[in-house]
Amino acid sequence: DYVVVKMIPDNRLPPRHLHSVHTGKTFAVIKWESPYDSPDQDMLYAVAVKDLVRKTDKIYKVKTRNSTVEYTIKKLEPGGKYHVIVQLGNMSKESSVKINTVPLSAPDALKIITENDHILLFWKSLALKESNFNESRGYEIHMFDSLMNMTAYLGNTTENFFKVSNLKIGHNYSFTVQARCLYSGQMCGEPATLLYDELGTGEDSSATKTGSSMDVAAIVVPVLFLLLVTLGIGFVVLYMRHRRLQNSFTAFANSHYSSRLGSAIFSSGDDLGDEDDEAPMITGFSDDVPMVIA
């Protein structure tokens, strides 16, 4: 024997297993189950979204007969903090969950260039990869002195560079650049961090890869170019002299060539100096003939 018992639905129960499925920069997906299994009619839920930073509230209505409900909350802000409350439309008991949206990304390609008495921080515009970022919001820069174990706020800018002065020799600094924090520092972007090692000389390891490498390249490249130009000119000059000597010798040999003898006779005083025209041509010496020098 058996008996079937059907429980009377209690609409005063809260939604079950409310949790966040996925969060982005401007949206969040939440999921929950109905207060009881297999609803036999449409159920109206009230989804209240409280902005814990701006101190504002928004209410959305969801009507469904499904036992499992998935809902996407849109138009959120990057780096925001929210308190989401879900309950039936008859103001029954509620279920709640806290959500933090993903903050804006860190700026890319943060670099340091060392000048005589200051340094310059450079980075790429965050608007290139973040459609939710407006350049008018700007960036804020912080500096951490590891020797003093102290962090300082240097300021903010709407440009993609920042000048830092009055650095102490022998101190190691860490600089961070991020999207400017809103609402008393509660909504910030992810920071980009770069180490600056003073090393007592005003140089740093990161600047060696940026400023110093650029300075070296600015010197080496022109020098190499001048060397290549000089070598090229030298080769041209040598080639021209070689051609000139070759042409002069050919002309000289042709002018003294005797077709009867089949060889060149160098006996002309025009080419060999002021010697006597009738002087016999010297053909050689013999070891057994004495040489008399007058």
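The values are calculated or read from the model by the stated rules, or taken from the named source; none is laboratory data. From a predicted model like this one, the values you see are computed outputs, not experimental measurements. When we count neighbours, we look across all protein chains shown, and the Cβ atoms used for this are built from the backbone with ideal geometry, even at glycine. Ligands, DNA and RNA are excluded from the accessible area calculation, which covers all protein heavy atoms including side chains. Shrake-Rupley method; radii C 1.70, N 1.55, O 1.52, S 1.80 Å.
Would you mind calculating the gained length between T158 and R16 on full extension (0.36 nm times residue separation, minus the Cα-Cα distance), in nm to one decimal? Can you show the working numbers first?
Working: separation 142, 0.36 × 142 = 51.12 nm, distance 4.65 nm.
Additional length available on full extension: 46.5 nm.
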Ordering 187-195, 234-242 by per-residue average of other C-beta atoms within 10 angstrom, highest first, gives 187-195, 234-242
Under the Karplus relation with 6.51, -1.76 and 1.60 and θ = phi - 60°, whole-Hz ³J(HN,Hα) for the range 124-130, x at Gly and Pro, equal 7, 5, 6, 5, 5, 10, 10
For the range 16-100, the per residue accessible area (1.4 Å probe, Å²) is 57 Å²
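Rounded to the nearest 0.05, what FRET efficiency do V236 and K98 have when you use their Cβ-Cβ distance and R0 = 51 Å? Write out the running numbers ahead of the final one.
Numbers: r = 78 Å, r/R0 = 1.54.
Efficiency, from the Cβ-Cβ distance: 0.05.
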If each K or R counts +1 and each D or E counts -1, the residues other than R137 whose Cβ falls under 12 Å of its Cβ total -3
Carbon and sulfur atoms account, in whole percent of the 1.4 Å probe accessible area of the range 69-157, for 50 percent
Heavy-atom accessible area of the range 1-61 with neighbours in place, 1.4 angstrom probe: carbon+sulfur share in percent works out to 54 percent
With the 8 Å Cα cutoff and a minimum separation of six or more residues, the range 108-197 has a relative contact order in percent of 28 percent
Regression test value, accessible area per residue of the range 108-197, probe 1.4 Å, units Å², expected 55 Å²
The percentage of Cα-Cα pairs in the range 16-100 separated by more than 18 Å is 38 percent
So K75 and T26, fully extended at 0.36 nm per residue minus their Cα-Cα distance, gain in nm 17.1 nm
The answer for the per residue Cα convex hull volume of the range 19-155, in Å³, is 160 Å³
The percentage of Cα-Cα pairs in the range 94-168 separated by more than 19 Å is 50 percent
Checking rank on 156-166, 103-113, with mean other Cβ inside 10 Å and highest first, the result is 103-113, 156-166
The FRET efficiency for S165 and A109, from their Cβ-Cβ distance with R0 = 25 Å and rounded to 0.05, is 0.65
To the nearest 20 debye, the range 16-100 has a Cα-centred charge dipole, built from +1 on Lys and Arg Cβ and -1 on Asp and Glu Cβ, of 440 debye
